[in-house]
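Accompanying notes for the structure given below.
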Amino acid sequence: MNSEVKEGVLIIYLEGNLLGENTNAPVLELIKQNLEAGNKKVLFDLSAMKFINSTGLGMLMTALSKTRNAGGELALCSLPDQMKKLLQMTKLETVFPVYSDAASATAFLKTV
């Protein structure tokens, strides 16, 4: 996982497999720290993701909930086909704002 704050948006680059607690805890801690610092716009760039399971999906839901509860917003971008299908099957494509690339997702986050 890599991250940066760009144009007021915390961008988290996830790569590989998003499967369990070892992967999820650092991501949620990073979001918590940024929310406490006043950075309330979060973008997950998933272009380097290979696989996500229900635990990883749960982490994304937790991140979304924490961000919105803090008065912020979270978006996803650059989803691989497997992620798109998973969001469609679970009906979560209506819950997460999803964008094709980081530029359009950042533009959306700057308006909310």
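For this structure, a couple of remarks:
- The chain - charge dipole about Cα centre, Lys and Arg +1 at Cβ, Asp and Glu -1, debye rounded to 20: 280 debye
- Added length on full extension, which subtracts the Cα-Cα distance from 0.36 nm per residue, residue 30 to residue 2: 9.0 nm
- With a Cα cut-off of under 16 Å and a minimum spacing of 8 residues unless on different chains, the lysine pairs in the chain number 12.
- Taking 0.36 nm per residue of separation and subtracting the current Cα-Cα distance, fully stretching the chain between residue 55 and residue 103 would add 14.5 nm.
- Tail fraction, Cα-Cα pairs, the chain, threshold 22 Å, whole percent: 22 percent
- Estimated FRET transfer efficiency (residue 17, residue 85; beta-carbon r; R0 22 Å; 0.05): 0.85
Coordinate-derived values only; no laboratory data. Fair warning: this is a prediction, and the values are worked out from it, not measured in the lab. All Cβ positions, even for glycine, are placed from backbone atoms using ideal geometry, and neighbour counts span all protein chains on display.
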